[in-house]
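Participant: Below are the C-alpha coordinates for one structure; questions will follow.
The values are calculated or read from the model by the stated rules, or taken from the named source; none is laboratory data. Since the model is a prediction, treat every value here as computed from it, not as a measurement. Positions of Cβ are generated from backbone atoms using ideal geometry, with glycine treated the same way; all protein chains shown enter the neighbour counts. Side chains are part of the model used for accessible areas, which takes the heavy atoms of the whole protein and leaves out ligands, DNA and RNA. Shrake-Rupley method; radii C 1.70, N 1.55, O 1.52, S 1.80 Å.
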Amino acid sequence: MFDPVELAFYHNETLKKYEEKLSEEQKQKALKDPHARRYPRPCGFTVHLVVGCPFDCTYCYIYDMNFDRTPKPVQLKPDELVYSLLKNPNFISGRWGSLIAIGSISEPFIFPELALDYLRELSMLGNPMQFSTKSYLSRSYSETLSHIKTTLNPLVTIVTIELTDILEPKAPSVDKRLETIRNLSSAGFKVSLFLRPIIAGVNYEEAETILKLAHEAGANAVIIGSFRITYRIYMRLKELGLNLRELEGRVNMRKLRKMPSKQFTVPLTQKERSKLILLAREIGLTPFKSACCSNSSNAGVTCPSICFETGFCTKCPNMCQERPRPAVARVKEALRILGLTVCIENSNDMILISDRKYRSLVQVLSRRLL
Ligand code: SF4
Ligand code: SF4
(Lines give C-alpha, C1' and ligand atoms only; values in the text may rest on other atoms or scores of the structure.)
(Ligands and ions follow the chains in the order given, each with its own letter.)
Protein backbone atom coordinates (compact mmCIF):
# COMPACT_ATOMS: atom_id res chain seq x y z
CA MET A 1 0.00 0.00 0.00
CA PHE A 2 1.12 3.53 -0.80
CA ASP A 3 2.71 5.52 2.01
CA PRO A 4 4.06 9.02 1.19
CA VAL A 5 6.51 8.86 4.11
CA GLU A 6 8.18 5.72 2.72
CA LEU A 7 8.25 7.34 -0.68
CA ALA A 8 10.01 10.42 0.73
CA PHE A 9 12.67 8.25 2.43
CA TYR A 10 13.15 6.28 -0.77
CA HIS A 11 13.57 9.49 -2.74
CA ASN A 12 16.17 10.87 -0.32
CA GLU A 13 18.15 7.61 -0.47
CA THR A 14 18.08 7.57 -4.28
CA LEU A 15 19.20 11.19 -4.39
CA LYS A 16 22.05 10.44 -1.97
CA LYS A 17 23.31 7.62 -4.23
CA TYR A 18 23.48 9.97 -7.20
CA GLU A 19 25.03 12.77 -5.09
CA GLU A 20 27.83 10.33 -4.28
CA LYS A 21 28.13 8.94 -7.80
CA LEU A 22 28.41 12.17 -9.78
CA SER A 23 31.32 14.62 -9.76
CA GLU A 24 30.71 18.28 -8.78
CA GLU A 25 31.09 19.27 -12.41
CA GLN A 26 28.46 16.74 -13.52
CA LYS A 27 26.06 17.91 -10.82
CA GLN A 28 26.43 21.53 -11.84
CA LYS A 29 25.78 20.58 -15.47
CA ALA A 30 22.67 18.59 -14.49
CA LEU A 31 21.31 21.42 -12.36
CA LYS A 32 21.44 23.81 -15.31
CA ASP A 33 19.34 21.47 -17.46
CA PRO A 34 15.59 22.16 -17.88
CA HIS A 35 14.78 18.67 -16.48
CA ALA A 36 15.86 20.02 -13.07
CA ARG A 37 13.44 22.95 -13.23
CA ARG A 38 10.60 22.15 -15.62
CA TYR A 39 7.09 22.04 -14.13
CA PRO A 40 5.51 18.70 -15.10
CA ARG A 41 2.78 18.36 -17.69
CA PRO A 42 -0.63 17.22 -16.39
CA CYS A 43 0.31 13.66 -17.41
CA GLY A 44 3.68 13.62 -15.63
CA PHE A 45 7.29 14.50 -16.34
CA THR A 46 8.20 14.63 -20.00
CA VAL A 47 11.75 13.35 -20.27
CA HIS A 48 13.71 13.84 -23.47
CA LEU A 49 16.34 11.42 -24.75
CA VAL A 50 16.58 13.13 -28.13
CA VAL A 51 15.85 16.64 -29.31
CA GLY A 52 14.49 17.24 -32.84
CA CYS A 53 12.80 14.70 -35.07
CA PRO A 54 13.42 13.70 -38.72
CA PHE A 55 9.97 12.13 -39.28
CA ASP A 56 8.41 15.49 -40.14
CA CYS A 57 4.78 14.53 -39.47
CA THR A 58 2.50 17.15 -40.95
CA TYR A 59 0.48 17.52 -37.75
CA CYS A 60 3.51 17.82 -35.47
CA TYR A 61 3.84 20.92 -33.30
CA ILE A 62 7.49 20.50 -32.28
CA TYR A 63 8.61 22.51 -35.30
CA ASP A 64 6.62 25.45 -33.88
CA MET A 65 8.59 25.08 -30.65
CA ASN A 66 11.90 25.74 -32.43
CA PHE A 67 12.96 22.09 -32.65
CA ASP A 68 14.35 21.06 -35.99
CA ARG A 69 14.48 17.96 -38.17
CA THR A 70 17.99 16.95 -37.20
CA PRO A 71 17.83 14.76 -34.11
CA LYS A 72 20.48 15.15 -31.44
CA PRO A 73 20.88 13.25 -28.17
CA VAL A 74 20.24 15.37 -25.09
CA GLN A 75 23.30 17.06 -23.61
CA LEU A 76 23.22 15.09 -20.34
CA LYS A 77 24.65 11.61 -19.85
CA PRO A 78 22.11 9.07 -18.50
CA ASP A 79 23.16 9.40 -14.83
CA GLU A 80 23.24 13.20 -15.15
CA LEU A 81 19.72 13.16 -16.56
CA VAL A 82 18.53 11.08 -13.60
CA TYR A 83 20.21 13.47 -11.16
CA SER A 84 18.62 16.40 -12.93
CA LEU A 85 15.17 14.89 -12.43
CA LEU A 86 15.88 14.01 -8.81
CA LYS A 87 16.69 17.65 -8.15
CA ASN A 88 13.46 18.93 -9.68
CA PRO A 89 11.39 20.14 -6.68
CA ASN A 90 8.22 18.60 -8.10
CA PHE A 91 9.73 15.21 -8.91
CA ILE A 92 9.62 12.27 -6.55
CA SER A 93 11.18 8.91 -7.32
CA GLY A 94 9.69 5.47 -6.69
CA ARG A 95 6.94 3.24 -7.98
CA TRP A 96 4.33 5.54 -6.43
CA GLY A 97 6.25 8.59 -7.53
CA SER A 98 5.90 10.94 -10.48
CA LEU A 99 4.92 9.52 -13.84
CA ILE A 100 7.59 9.69 -16.55
CA ALA A 101 6.63 10.12 -20.21
CA ILE A 102 9.25 9.83 -22.95
CA GLY A 103 8.81 10.85 -26.58
CA SER A 104 6.94 14.13 -26.55
CA ILE A 105 9.35 16.25 -28.60
CA SER A 106 11.08 13.58 -30.66
CA GLU A 107 11.17 9.94 -31.55
CA PRO A 108 13.00 8.33 -28.60
CA PHE A 109 14.44 5.36 -30.53
CA ILE A 110 16.25 7.31 -33.26
CA PHE A 111 19.48 6.25 -31.55
CA PRO A 112 18.48 2.77 -30.33
CA GLU A 113 21.57 1.89 -28.28
CA LEU A 114 21.57 5.25 -26.60
CA ALA A 115 17.87 4.88 -25.78
CA LEU A 116 18.66 1.65 -23.94
CA ASP A 117 21.37 3.35 -21.90
CA TYR A 118 18.97 6.13 -20.86
CA LEU A 119 16.06 3.80 -20.13
CA ARG A 120 18.25 1.51 -18.02
CA GLU A 121 19.51 4.41 -15.94
CA LEU A 122 16.05 5.98 -15.59
CA SER A 123 14.70 2.62 -14.43
CA MET A 124 16.93 2.95 -11.34
CA LEU A 125 14.40 5.50 -10.10
CA GLY A 126 11.62 2.90 -10.07
CA ASN A 127 8.98 5.33 -11.38
CA PRO A 128 6.24 4.26 -13.81
CA MET A 129 7.64 5.02 -17.27
CA GLN A 130 5.95 5.33 -20.61
CA PHE A 131 7.34 5.92 -24.08
CA SER A 132 5.58 6.76 -27.29
CA THR A 133 7.07 5.68 -30.58
CA LYS A 134 6.61 5.25 -34.32
CA SER A 135 9.87 3.35 -34.73
CA TYR A 136 10.25 -0.25 -35.73
CA LEU A 137 11.40 -2.17 -32.65
CA SER A 138 12.61 -5.65 -33.53
CA ARG A 139 11.89 -8.80 -31.59
CA SER A 140 15.33 -8.92 -30.02
CA TYR A 141 15.28 -5.20 -29.18
CA SER A 142 11.86 -5.64 -27.53
CA GLU A 143 13.26 -8.57 -25.54
CA THR A 144 16.13 -6.38 -24.35
CA LEU A 145 13.67 -3.66 -23.35
CA SER A 146 11.69 -6.18 -21.33
CA HIS A 147 14.69 -6.73 -19.04
CA ILE A 148 14.64 -3.10 -17.93
CA LYS A 149 13.82 -3.06 -14.23
CA THR A 150 10.77 -0.87 -13.96
CA THR A 151 7.22 -0.79 -15.22
CA LEU A 152 7.53 0.33 -18.81
CA ASN A 153 4.43 1.16 -20.79
CA PRO A 154 4.91 1.30 -24.58
CA LEU A 155 2.61 3.48 -26.66
CA VAL A 156 2.75 2.85 -30.40
CA THR A 157 1.30 5.66 -32.47
CA ILE A 158 -0.90 4.85 -35.45
CA VAL A 159 -3.40 7.47 -36.60
CA THR A 160 -3.95 6.76 -40.27
CA ILE A 161 -3.57 4.08 -42.89
CA GLU A 162 -4.96 5.88 -45.91
CA LEU A 163 -3.24 9.23 -45.38
CA THR A 164 0.26 8.20 -44.28
CA ASP A 165 1.82 9.76 -47.41
CA ILE A 166 0.28 13.09 -46.46
CA LEU A 167 0.36 13.04 -42.67
CA GLU A 168 3.47 11.00 -41.87
CA PRO A 169 5.57 10.86 -45.05
CA LYS A 170 8.89 10.04 -43.38
CA ALA A 171 7.81 7.85 -40.46
CA PRO A 172 8.10 4.03 -40.51
CA SER A 173 5.18 2.31 -42.25
CA VAL A 174 2.03 1.26 -40.42
CA ASP A 175 2.93 -2.40 -41.10
CA LYS A 176 6.23 -1.89 -39.32
CA ARG A 177 4.48 -0.26 -36.38
CA LEU A 178 2.01 -3.14 -36.15
CA GLU A 179 5.00 -5.44 -36.10
CA THR A 180 6.44 -3.35 -33.27
CA ILE A 181 3.21 -3.92 -31.32
CA ARG A 182 3.55 -7.66 -32.02
CA ASN A 183 7.18 -7.74 -30.91
CA LEU A 184 6.59 -5.73 -27.74
CA SER A 185 3.58 -7.73 -26.68
CA SER A 186 5.43 -11.02 -27.36
CA ALA A 187 8.16 -9.70 -25.08
CA GLY A 188 5.56 -9.37 -22.32
CA PHE A 189 4.61 -5.69 -22.52
CA LYS A 190 1.07 -4.37 -22.22
CA VAL A 191 1.10 -2.19 -25.32
CA SER A 192 -1.23 0.76 -25.80
CA LEU A 193 -2.20 2.06 -29.21
CA PHE A 194 -1.61 5.83 -29.21
CA LEU A 195 -4.48 7.04 -31.35
CA ARG A 196 -3.45 10.67 -31.35
CA PRO A 197 -4.02 13.03 -33.02
CA ILE A 198 -7.52 12.29 -34.20
CA ILE A 199 -8.32 15.12 -36.57
CA ALA A 200 -12.04 15.74 -36.97
CA GLY A 201 -13.08 15.29 -40.60
CA VAL A 202 -9.66 13.96 -41.61
CA ASN A 203 -8.75 10.64 -39.96
CA TYR A 204 -11.63 10.09 -37.51
CA GLU A 205 -13.35 7.58 -39.79
CA GLU A 206 -10.24 5.39 -39.91
CA ALA A 207 -10.23 4.83 -36.15
CA GLU A 208 -12.27 1.61 -36.20
CA THR A 209 -9.92 -0.13 -38.65
CA ILE A 210 -6.86 1.01 -36.70
CA LEU A 211 -8.33 -0.22 -33.40
CA LYS A 212 -8.99 -3.64 -34.91
CA LEU A 213 -5.54 -3.97 -36.47
CA ALA A 214 -3.78 -2.89 -33.27
CA HIS A 215 -5.81 -5.36 -31.23
CA GLU A 216 -5.02 -8.19 -33.66
CA ALA A 217 -1.34 -7.29 -33.36
CA GLY A 218 -1.47 -7.61 -29.56
CA ALA A 219 -2.27 -4.16 -28.16
CA ASN A 220 -4.44 -4.31 -25.08
CA ALA A 221 -5.35 -0.64 -24.61
CA VAL A 222 -5.85 2.56 -26.55
CA ILE A 223 -5.37 6.23 -25.71
CA ILE A 224 -7.83 8.36 -27.59
CA GLY A 225 -6.40 11.83 -28.06
CA SER A 226 -7.46 14.99 -29.79
CA PHE A 227 -5.39 17.34 -31.91
CA ARG A 228 -3.29 20.40 -31.16
CA ILE A 229 -2.95 22.79 -34.05
CA THR A 230 -0.95 25.91 -34.88
CA TYR A 231 -1.47 28.21 -37.82
CA ARG A 232 1.56 26.72 -39.61
CA ILE A 233 0.14 23.20 -39.24
CA TYR A 234 -3.24 24.41 -40.48
CA MET A 235 -1.68 25.95 -43.59
CA ARG A 236 0.40 22.85 -44.27
CA LEU A 237 -2.64 20.56 -44.04
CA LYS A 238 -4.57 22.92 -46.30
CA GLU A 239 -1.82 23.10 -48.91
CA LEU A 240 -1.79 19.30 -49.02
CA GLY A 241 -5.38 19.42 -50.19
CA LEU A 242 -7.16 18.01 -47.11
CA ASN A 243 -10.76 19.00 -46.52
CA LEU A 244 -10.61 21.02 -43.29
CA ARG A 245 -14.20 22.27 -43.11
CA GLU A 246 -15.00 20.18 -39.99
CA LEU A 247 -11.80 21.26 -38.27
CA GLU A 248 -12.39 24.94 -39.07
CA GLY A 249 -15.74 24.74 -37.28
CA ARG A 250 -14.07 23.60 -34.05
CA VAL A 251 -11.30 26.10 -33.62
CA ASN A 252 -11.34 29.87 -33.34
CA MET A 253 -9.86 30.66 -36.78
CA ARG A 254 -9.45 34.35 -36.02
CA LYS A 255 -7.33 33.61 -32.95
CA LEU A 256 -5.42 30.89 -34.80
CA ARG A 257 -4.40 33.40 -37.50
CA LYS A 258 -3.60 36.11 -34.96
CA MET A 259 -1.45 33.94 -32.69
CA PRO A 260 0.56 31.81 -35.13
CA SER A 261 2.87 30.13 -32.61
CA LYS A 262 0.15 29.29 -30.07
CA GLN A 263 -1.22 25.73 -29.95
CA PHE A 264 -5.00 25.33 -30.00
CA THR A 265 -6.89 22.15 -29.19
CA VAL A 266 -9.24 20.85 -31.85
CA PRO A 267 -11.57 18.79 -29.66
CA LEU A 268 -13.58 15.70 -30.47
CA THR A 269 -17.25 15.97 -29.63
CA GLN A 270 -18.56 14.03 -26.66
CA LYS A 271 -20.45 11.79 -29.11
CA GLU A 272 -17.35 11.04 -31.20
CA ARG A 273 -15.25 10.25 -28.13
CA SER A 274 -17.94 8.03 -26.59
CA LYS A 275 -18.32 6.15 -29.87
CA LEU A 276 -14.60 5.38 -29.96
CA ILE A 277 -14.58 4.32 -26.30
CA LEU A 278 -17.46 1.95 -26.96
CA LEU A 279 -15.85 0.58 -30.12
CA ALA A 280 -12.55 0.00 -28.31
CA ARG A 281 -14.33 -1.98 -25.59
CA GLU A 282 -16.23 -4.07 -28.15
CA ILE A 283 -12.96 -4.87 -29.92
CA GLY A 284 -11.27 -5.85 -26.64
CA LEU A 285 -9.09 -2.84 -25.93
CA THR A 286 -9.14 -0.90 -22.65
CA PRO A 287 -9.88 2.71 -23.60
CA PHE A 288 -8.14 5.65 -21.92
CA LYS A 289 -8.80 9.34 -22.40
CA SER A 290 -5.34 10.29 -21.21
CA ALA A 291 -1.85 8.83 -21.39
CA CYS A 292 -1.30 9.02 -17.62
CA CYS A 293 -4.10 6.50 -17.10
CA SER A 294 -2.31 4.01 -19.34
CA ASN A 295 0.93 4.56 -17.42
CA SER A 296 -0.75 4.30 -13.98
CA SER A 297 -2.82 1.29 -14.91
CA ASN A 298 0.24 -0.49 -16.31
CA ALA A 299 2.12 0.16 -13.05
CA GLY A 300 -0.89 -0.70 -10.87
CA VAL A 301 -0.81 2.64 -9.03
CA THR A 302 -3.52 5.22 -8.40
CA CYS A 303 -3.38 7.81 -11.17
CA PRO A 304 -1.42 10.73 -9.66
CA SER A 305 -2.94 13.10 -12.22
CA ILE A 306 -6.27 12.53 -10.42
CA CYS A 307 -8.07 11.54 -13.62
CA PHE A 308 -10.60 9.70 -11.44
CA GLU A 309 -11.63 13.11 -10.01
CA THR A 310 -11.62 15.19 -13.14
CA GLY A 311 -13.78 13.49 -15.76
CA PHE A 312 -10.93 11.75 -17.57
CA CYS A 313 -11.56 8.38 -15.93
CA THR A 314 -12.87 5.61 -18.18
CA LYS A 315 -13.25 3.29 -15.18
CA CYS A 316 -10.54 0.88 -16.22
CA PRO A 317 -9.73 -2.16 -14.04
CA ASN A 318 -7.16 -0.07 -12.09
CA MET A 319 -10.09 1.23 -9.98
CA CYS A 320 -8.34 4.35 -8.64
CA GLN A 321 -11.53 5.71 -7.13
CA GLU A 322 -11.75 2.67 -4.82
CA ARG A 323 -8.22 2.85 -3.48
CA PRO A 324 -7.59 4.43 -0.07
CA ARG A 325 -5.76 7.74 -0.11
CA PRO A 326 -2.99 8.58 2.36
CA ALA A 327 -3.81 10.55 5.48
CA VAL A 328 -2.99 14.24 5.27
CA ALA A 329 -0.67 13.89 8.29
CA ARG A 330 1.46 11.41 6.29
CA VAL A 331 1.65 13.84 3.39
CA LYS A 332 2.81 16.60 5.76
CA GLU A 333 5.41 14.28 7.25
CA ALA A 334 6.63 13.30 3.77
CA LEU A 335 7.08 16.98 2.87
CA ARG A 336 9.05 17.53 6.08
CA ILE A 337 11.34 14.58 5.26
CA LEU A 338 11.87 16.05 1.80
CA GLY A 339 12.93 19.29 3.50
CA LEU A 340 10.09 21.38 2.06
CA THR A 341 8.06 24.00 3.85
CA VAL A 342 4.60 23.71 2.36
CA CYS A 343 1.57 24.31 4.56
CA ILE A 344 -1.25 21.98 3.61
CA GLU A 345 -4.80 21.68 4.83
CA ASN A 346 -7.52 19.17 4.15
CA SER A 347 -10.92 20.47 3.15
CA ASN A 348 -13.73 18.28 1.78
CA ASP A 349 -11.19 15.77 0.52
CA MET A 350 -9.32 18.50 -1.34
CA ILE A 351 -5.94 19.75 -0.23
CA LEU A 352 -5.19 23.44 0.11
CA ILE A 353 -1.52 24.32 -0.14
CA SER A 354 0.39 27.45 0.74
CA ASP A 355 2.92 27.26 -2.08
CA ARG A 356 1.57 26.59 -5.56
CA LYS A 357 4.99 25.86 -6.96
CA TYR A 358 4.88 22.43 -5.24
CA ARG A 359 1.38 21.70 -6.48
CA SER A 360 2.32 18.71 -8.62
CA LEU A 361 4.43 17.09 -5.89
CA VAL A 362 1.67 17.44 -3.28
CA GLN A 363 -0.84 16.00 -5.75
CA VAL A 364 1.37 12.93 -6.30
CA LEU A 365 1.89 12.47 -2.54
CA SER A 366 -1.76 12.89 -1.64
CA ARG A 367 -3.63 11.62 -4.75
CA ARG A 368 -6.17 14.36 -4.08
CA LEU A 369 -7.48 17.42 -5.85
CA LEU A 370 -5.70 20.65 -4.91
S1 SF4 B 1 7.34 11.26 -34.85
FE2 SF4 B 1 6.41 12.50 -33.23
S3 SF4 B 1 7.94 14.07 -32.75
FE4 SF4 B 1 8.51 13.16 -34.72
S5 SF4 B 1 7.60 14.50 -36.25
FE6 SF4 B 1 6.14 12.82 -35.88
S7 SF4 B 1 4.77 13.60 -34.26
FE8 SF4 B 1 6.59 14.93 -34.29
S1 SF4 C 1 -9.38 3.91 -12.91
FE2 SF4 C 1 -9.80 5.76 -14.07
S3 SF4 C 1 -8.33 7.25 -13.29
FE4 SF4 C 1 -7.60 5.24 -12.69
S5 SF4 C 1 -6.19 4.63 -14.30
FE6 SF4 C 1 -8.19 3.76 -14.80
S7 SF4 C 1 -9.10 5.26 -16.15
FE8 SF4 C 1 -7.43 6.29 -15.10
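Participant: Kirkwood hydrodynamic radius, computed over distinct alpha-carbon pairs, for the range 45-185: how many Å, to one decimal? Intermediate results must be reported in sequence, preceding the final value.
Facilitator: Numbers: mean 1/r = 0.0638 Å⁻¹.
That comes to 15.7 Å for the range 45-185.
Participant: Which value, in Å² and to the nearest 10, is the accessible area of Glu20 when all protein chains are kept and the probe is 1.4 Å?
Facilitator: Per-residue accessible area (Glu20): approximately 130 Å².
Participant: Can you give the alpha-carbon Rg of the range 54-103 over 2.2 N^0.38 Å, where N counts its residues? List each step's numbers first, then the result.
Facilitator: Details: Rg = 14.5 Å, N = 50, 2.2 N^0.38 = 9.7 Å.
The value comes to 1.49.
Participant: Still on this structure, please answer the following. How would Ser296, Ser360 line up by accessible area, probe 1.4 Å, largest first? Numbers along the way, then the final one.
Facilitator: Details: Ser296 0, Ser360 25 Å².
The most accessible residue leads, giving Ser360, Ser296.
Participant: Return P(r) of the chain (all Cα-Cα pairs; 10 Å bins starting at 0; whole %; ordered from short to long distances).
Facilitator: 5, 23, 32, 27, 12, 1
Participant: Determine how large the accessible area of Thr144 is when every protein chain is in place; take a 1.4 Å probe and give Å² rounded to the nearest 10.
Facilitator: Roughly 50 Å² of Thr144 is accessible to a 1.4 Å probe.
Participant: For Tyr358, tell me the accessible area in Å² from a 1.4 Å probe, rounded to the nearest 10.
Facilitator: 30 Å²
Participant: Still on this structure: I want to verify the translational diffusion coefficient of the range 1-124 in µm²/s; compute it with Stokes-Einstein, Rh as the Kirkwood radius over Cα pairs, at 10 °C and 1.306 mPa s. Don't skip to the end; give the middle numbers.
Facilitator: Working: Rh = 15.3 Å.
This corresponds to a translational diffusion coefficient of 104 µm²/s.
Participant: Further question on the same structure: Explain nothing, just the number: dipole magnitude of the range 283-341 about its Cα centre with +1 on each Lys and Arg Cβ and -1 on each Asp and Glu Cβ, in debye rounded to the nearest 20.
Facilitator: Working: 7 positive and 3 negative charges, 25 e Å.
Using only the charged Cβ atoms, the result is roughly 120 debye.
Participant: Write down the percent of antiparallel bridges among all DSSP beta bridges whose residues are both part of the range 1-143, to the nearest 5. Before the final figure, lay out the partial values.
Facilitator: On the way: 3 of 9 bridges.
About 35 percent, rounded to the nearest 5.
Participant: Answer with one residue from Pro4, Asn346, Pro304: the one whose Cα lies farthest towards the positive end of the charge dipole of the chain, charges on Cβ with Lys, Arg +1 and Asp, Glu -1.
Facilitator: Farthest towards the positive pole: Asn346.
Participant: Let me ask something else. If I compute solvent accessible area with a 1.4 Å probe over the protein chains, what percent of it on the chain is carbon and sulfur?
Facilitator: C and S fraction of accessible area: 52 percent.
Participant: Which whole-number percent is the relative contact order of the chain (Cα, under 8 Å, 6+ apart)?
Facilitator: On the way: 691 pairs, mean separation 63.0, N = 370.
Here the relative contact order equals 17 percent.
Participant: Taking the solvent-accessible surface of protein heavy atoms with a 1.4 Å probe, what is the per residue accessible area of the range 10-150 in Å²? Write down the numbers at each step before the final one.
Facilitator: On the way: 5970 Å² over 141 residues.
Here the per-residue accessible area is 42 Å².
Participant: In whole Hz, what ³J(HN,Hα) sequence does the range 270-282 give by Karplus (6.51, -1.76, 1.60; θ = phi - 60°), x for Gly and Pro?
Facilitator: 4, 5, 5, 5, 4, 4, 5, 5, 5, 4, 4, 5, 4
Participant: How big is the range 103-229 by Rg and Dmax over its Cα atoms, in Å?
Facilitator: Rg, Dmax (Cα atoms, Å): 14.3, 44.
Participant: Over the chain, with a Gaussian network built from C-alpha contacts below 10 Å, which listed residue (Lys77, Lys262, Lys271) shows the highest mean-square fluctuation?
Facilitator: The residue with the greatest mean-square fluctuation here is Lys271.
Participant: Ok, one more. How tilted is helix 328-337 with respect to the longest principal axis of the chain? Cα atoms for both, answer in degrees (0 to 90, nearest 10).
Facilitator: 80 degrees
Participant: Oh, and also: Rounded to the nearest whole Å², what accessible area per residue is found for the range 206-344 with the 1.4 Å probe? Present the calculation step by step, with values, prior to reporting the outcome.
Facilitator: Numbers: 6740 Å² over 139 residues.
Per residue, the range 206-344 has 48 Å² of solvent-accessible surface.
Participant: Most mobile of Asn90, Asn252, Asn203 per a Gaussian network model of the chain (Cα springs, under 10 Å)?
Facilitator: Its mean-square fluctuation being the largest, the pick is Asn252.
Participant: Shifting gears a bit: Springs between alpha-carbon atoms under 10 Å, Gaussian network over the chain: tell me which of Thr269, Thr160, Thr150 tops the mean-square fluctuations.
Facilitator: Looking only at Thr269, Thr160, Thr150, the largest GNM fluctuation is found for Thr269.
Participant: Mind putting a number on the dipole of the chain about its Cα centre? Charges go on the C-beta only, +1 for Lys and Arg and -1 for Asp and Glu, and I need it in Debye to the nearest 20.
Facilitator: Details: 52 positive and 38 negative charges, 214 e Å.
Roughly 1020 debye for the chain.
Participant: Restricting the count to DSSP beta bridges whose residues both fall in the chain, what percent are antiparallel, rounded to a multiple of 5? Don't skip to the end; give the middle numbers.
Facilitator: Working: 10 of 32 bridges.
Roughly 30 percent of the beta bridges in the chain run antiparallel, per DSSP.
Participant: Provide the convex hull volume over Cα atoms per residue for the range 318-370, in Å³. If you can, show how the numbers build up before the last one.
Facilitator: Values: hull volume 4.1 nm³, N = 53.
Normalising the Cα hull of the range 318-370 by residue number yields 78 Å³.
Participant: Now for a separate question. In whole Å, what is the distance between the alpha-carbon centres of the range 1-41 and the range 303-360?
Facilitator: Going from one Cα centre to the other spans 21 Å.
Participant: Among Leu213, Tyr141, Val251, whose Cα sits farthest toward the positive end of the charge dipole of the chain (+1 at Cβ of Lys/Arg, -1 at Cβ of Asp/Glu, about the Cα centre)?
Facilitator: Selected residue: Val251.
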